[in-house]
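Notes to accompany the following structure.
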Amino acid sequence: MKKGLIIALALAMAMAIVGTSPIKAAEPIKLTYANFPPANTFPCVQMERWKTEVEKRTNGKVAITTFPGGTLLDAKNMMDGVIAGQANIGCLSMAYQPGRFMVTNAVSLPLDIRTALQGSLVLWDLYTKYKPEEFAKVKVLTMFTTAPSNIMSTIPIRSLSDLKGVPLRASGGAGEILKLWGANMIGMPMPDTPEALQKGVVKGLFTSLEVLMDFKFAEYCKYATITDAGVYPFAVVMNMETWNKLPDDVKKVMDDMAREQAEWTGKYMDDHVKKSIEWSKQNHKLEVITLPPEELKKWHAMLQPITDQWLKDAKAKGLPADQILADLRELSKKYAK
Ligand code: DTR
């Protein structure tokens with residue numbers, strides 16, 4: 001009888017170990033992460049890095065499914081789609097809705113930001129200081145910027161007169177720069193650009209140079225004119241309800257990664273730009289055009305109206321515009337190498 005009881009108990013314990021509840025690991029929290037450009041481009045590379053690190057640092061408590069290439073949400077729907085809960089997380093380019101992100105888009109003003117690392121840290125500090133209203137409906141997981149913008153074109157641009165009236169693709173703050181230089185700025189999100197180039201609707205574009213390799217734009221654009229002006233800001237945001245439901249230890253992992261992710265992405269981008277230029281020279285005989293320093297200074301001096309206009313618009317919205325600009329200049333100096 002006693003022996004029977006022991007066997008029964010042992011059996012029950014064994015069943016508990018292999019079988020159901022208390023011992024079996026809990027199901028991971030499943031999250032979706034939407035992104036708009038193709039998988040090999042830098043916004044998606046940073047997405048995969050974040051996913052891997054979060055899954056690792058939460059010991060598998062969280063499982064993230066990524067959706068590159070606009071398969072879940074596209075470039076212009078990213079913010080509203082995440083707010084509506086169509087994706088738990090989304091990566092957006094603020095330049096596609098310039099008026100919507102007044103404070104953080106100020107990082108794209110002509111500020112002499114020379115690297116993506118510098119831009120990303122400036123942007124992150126700016127965001128954390130001002131916590132602007134436009135992000136109040138979401139949880140911001142990180143922010144970063146591209147490297148400065150340069151002209152990539154099918155025809156050589158060696159002077160302002162070469163640039164006059166040339167249709168070039170850009171967006172947001174960087175687009176304003178092109179307009180002042182006299183180009184025919186055509187605004188569209190990055191994923192629409194390959195077709196516009198192929199069809200000859202545009203003769204090039206104005207953004208960071210890693211796209212020469214990642215989108216193979218070097219096949220068309222045999223020239224890159226170095227202007228080092230204007231970065232594009234990005235944000236990674238989470239649906240607020242999703243965030244509120246996460247356990248504290250998971251929230252901590254994500255919060256602790258925010259600045260680190262900005263830094264990682266900045267470094268990745270800067271390094272990738274160098275590789276892209278080399279790749280384009282070797283495979284497509286890219287010619288890199290550098291303007292004489294005096295000439296480049298002249299180009300940059302033409303950009304003051306952009307800052308003036310931003311100050312005016314930001315003040316009209318009741319923002320502490322002068323202080324934001326002063327902070328940006330100081331941060332930009334702080335993070336300049
Ligand atoms: N917002 C972007 C900036 C950008 C630079 N490289 C890439 C790669 C993939 C998507 C966007 C971007 C732009 O529109 O130029």
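The values are calculated or read from the model by the stated rules, or taken from the named source; none is laboratory data. Just so it is clear, the model here is predicted, and its values are computed rather than measured. Cβ sites come from the backbone with ideal geometry, for glycine too, and all protein chains shown count toward neighbours.
Restricting to the stretch 139-161, and then to whatever is under 13 Å from Ile289 (Cβ atoms) and among the small types (Gly, Ala, Ser), can you tell me which residue is nearest to the ligand (Cβ to nearest atom)?
Out of the qualifying residues, it is Ser153.
Would you be able to say whether some residue in the stretch 7-25 is at pLDDT 60 or above, within 22 Å of Asn244 (Cα to Cα) and not aromatic (Phe, Trp, Tyr)?
No, because not a single residue in the stretch 7-25 is at pLDDT 60 or above, within 22 Å of Asn244 (Cα to Cα) and not aromatic (Phe, Trp, Tyr).
What is the number of the single condition among (1) of a type outside the set (Asp, Glu); (2) out of contact with any helix residue (DSSP H, G or I) (no Cβ under 6 Å at 6 or more places or on another chain); (3) touching a residue at least 60 places away in the same chain (Cβ under 8 Å) that Gly165 does not meet?
(3)
Do you know which residues across the stretch 179-199 are assigned to a loop (DSSP other than H, G, I, E, B) and modelled with pLDDT of 95 or more?
Filtering the stretch 179-199 down to residues assigned to a loop (DSSP other than H, G, I, E, B) leaves 181-183, 188-189, 199.
Residues satisfying the conditions are Trp181, Gly182, Ala183, Lys199.
Is there a residue in the stretch 184-204 that is buried (at least 23 other Cβ atoms within 10 Å of the Cβ), within 13 Å of the ligand (Cβ to nearest atom) and at positive phi?
Checking the stretch 184-204: at least one residue is buried (at least 23 other Cβ atoms within 10 Å of the Cβ), within 13 Å of the ligand (Cβ to nearest atom) and at positive phi.
Within the stretch 31-40, identify whether any single residue is over 24 Å from Gly187 (Cα atoms), in contact with a Phe, Trp or Tyr (Cβ under 9 Å, 6 or more places away or on another chain) and either within 16 Å of the ligand (Cβ to nearest atom) or at pLDDT 95 or above (or both), and answer yes or no.
Yes, the stretch 31-40 has at least one match.
Look at Pro167 and say whether it is away from the ligand (no atom under 15 Å from the Cβ), surrounded by fewer than 18 Cβ atoms within 10 Å (Cβ to Cβ), farther than 28 Å from Val82 by Cβ and not aliphatic (A, V, I, L, M).
It is true that Pro167 is away from the ligand (no atom under 15 Å from the Cβ), surrounded by fewer than 18 Cβ atoms within 10 Å (Cβ to Cβ), farther than 28 Å from Val82 by Cβ and not aliphatic (A, V, I, L, M).
Would you say Met79 is within 16 Å of the ligand (Cβ to nearest atom), more than 25 Å from Pro28 (Cα to Cα) and assigned to a helix (DSSP H, G or I)?
yes
Residues are listed down the side, and each one gets a yes or a no for (1) closer than 21 Å to Thr146 by Cα; (2) of a type in the set (Asp, Glu); (3) modelled with pLDDT of 95 or more:
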position	(1), (2), (3)
Val202	no, no, yes
Phe206	yes, no, yes
Glu241	no, yes, yes
Ala258	yes, no, yes
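Could you please find all residues in the stretch 171-190 being in contact with a Ser or Thr (Cβ under 9 Å, 6 or more places away or on another chain) and under 17 Å from Leu92 (Cβ atoms)?
Correct list: Ser171, Gly172, Gly173, Ala174, Gly187, Met188, Pro189, Met190.
Would you mind stating whether Leu92 is surrounded by 20 or more Cβ atoms within 10 Å (Cβ to Cβ), part of a strand (DSSP E or B) and within 13 Å of the ligand (Cβ to nearest atom)?
Here the answer is yes, as Leu92 does meet what is asked.
Please tell me if Pro320 is without any contact (Cβ under 8 Å) to a residue 40 or more places away in the chain, surrounded by 12 or more Cβ atoms within 10 Å (Cβ to Cβ) and on the phi < 0 side of the Ramachandran plot.
On the way: without any contact (Cβ under 8 Å) to a residue 40 or more places away in the chain: yes; surrounded by 12 or more Cβ atoms within 10 Å (Cβ to Cβ): yes; on the phi < 0 side of the Ramachandran plot: yes.
So Pro320 passes the test.
Taking the criterion of being within 16 Å of the ligand (Cβ to nearest atom) and either under 17 Å from the mean Cα position of the chain (by Cα) or at pLDDT 95 or above (or both), would at least one residue in the stretch 280-287 satisfy it?
yes
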